[in-house]
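See structure below.
Nothing in this text is a laboratory measurement; each read-out follows from the coordinates by a stated rule. Bear in mind the structure is a predicted one, so any value in this text is a computation, not a measurement.
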Ligand SMILES: [Zn+2]
């Protein structure tokens, strides 16, 4: 028996392939593929995986009909800017689908009838921004400087709007911005505002376990929705409350493929690859697009494609310990461990270009992992930003090193397996400002 989602994909995939086959970019790459078989979800595997670099360089990835009405620019993690165009009919198709899903979608079930406060510019990560038509007011707030933060706190704590008296609040935005807002609300003692928050939707970044616990304390009545989105992809996904894995929204088909090949995996770690369906993406459809994220195939209870994120492919350490290339450490596991350690440096929470130094630094931990190839195989060099001098506080520094390695050994199966296979890891504590914060890049 097939699910509604499978039926949905079966209905839209053949048209997607037919449309894309008219675009020179795909015509070239698909010259040797029998497109008749590629129109099924199983047959999709016959098509090559395309990378961000290929898409960025392409002059011929454009369906020559319809006019673009929206331009999306993404700077990306890999310093590779990408520009995407969307047409009116694509946006209309997405809107119509969202309206239809309102009644059944589990995300929509708790996004209705709330006042939404968002720190996101509505043009960014469009797929993750609430559909404005069917929900209560959307109010733009900012945490970029102290004045705007104070405005946001006062708005939330003294919110009066005709017709919205009994409504709950939804806070929507990047985790670090919502963390900053939570701190400011707590410091003001704004219990009325905090109590009305029924939902937190995180976009464009990950929420560590430690931050989740803090936000649950700050907003005791709130449920959390962690979204997955890429600016260049028409639609994203969300972290499921049932299986604690990510699922994708209906307009995209997901696969995890091998680290070094385009073969679809049924288990284990690989590259997360997405296919946008027609008519939700028309002008520049991405077919088997390598997201640049590494993921583990989920074995969830939900009976649909699911995955767990490991980190950006450009940052995740990979090495060969004798049995082929493997992931040596999950960056998300590292993130969770580092975020429990107070001495670890965090990324900026404010708009870096504004340089206003607002509030506490609540961004993700500053760290990087490097694979060092030695004659005895790869070893790991883990650099972590730290707020105090390790020479002035040697005991604390040693405790921090120990906590990091023990924490990883307890929580990260990649690190544990690699260590068992002989991997050696060295932790270096670095000065503030020396390292970038761990993130999905944004
Ligand atoms: Zn699930």
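Entry for the chain at q = 0.10, 0.13 Å⁻¹: log10 I(q)/I(0) = -0.77, -1.27, Debye formula applied to identical alpha-carbon scatterers, no solvent contribution.
Take every Cα pair under 8 Å whose residues are at least 6 apart in sequence, average their separation, divide by the length of the chain, and the relative contact order is 14 percent. Of 168, 412, 60, which has the largest mean-square fluctuation in a 10 Å C-alpha GNM of the chain? It is 60. With all projection directions averaged, the alpha carbon convex hull of the range 315-430 covers 8.2 nm².
If you run the Gaussian network model on the chain, springs between alpha carbon atoms under 10 Å, then out of 113, 255, 42 the most flexible one is 42. Secondary structure note: in the chain, about 65% of the DSSP beta bridges are antiparallel. Quick check: from the Cα gyration tensor, does the range 243-296 come out rounded (a/c under 1.5), prolate or oblate? Judged from the Cα gyration tensor, the range 243-296 comes out oblate (a/c at least 1.5, b/c at or above a/b).
Kirkwood radius for the range 1-70, taken over all pairs of different Cα atoms as the inverse mean of 1/r, rounds to 13.6 Å.
Considered as an equivalent ellipsoid built on the Cα gyration tensor, the range 208-250 has semi-axes of 24, 12, 9 Å, the largest given first.
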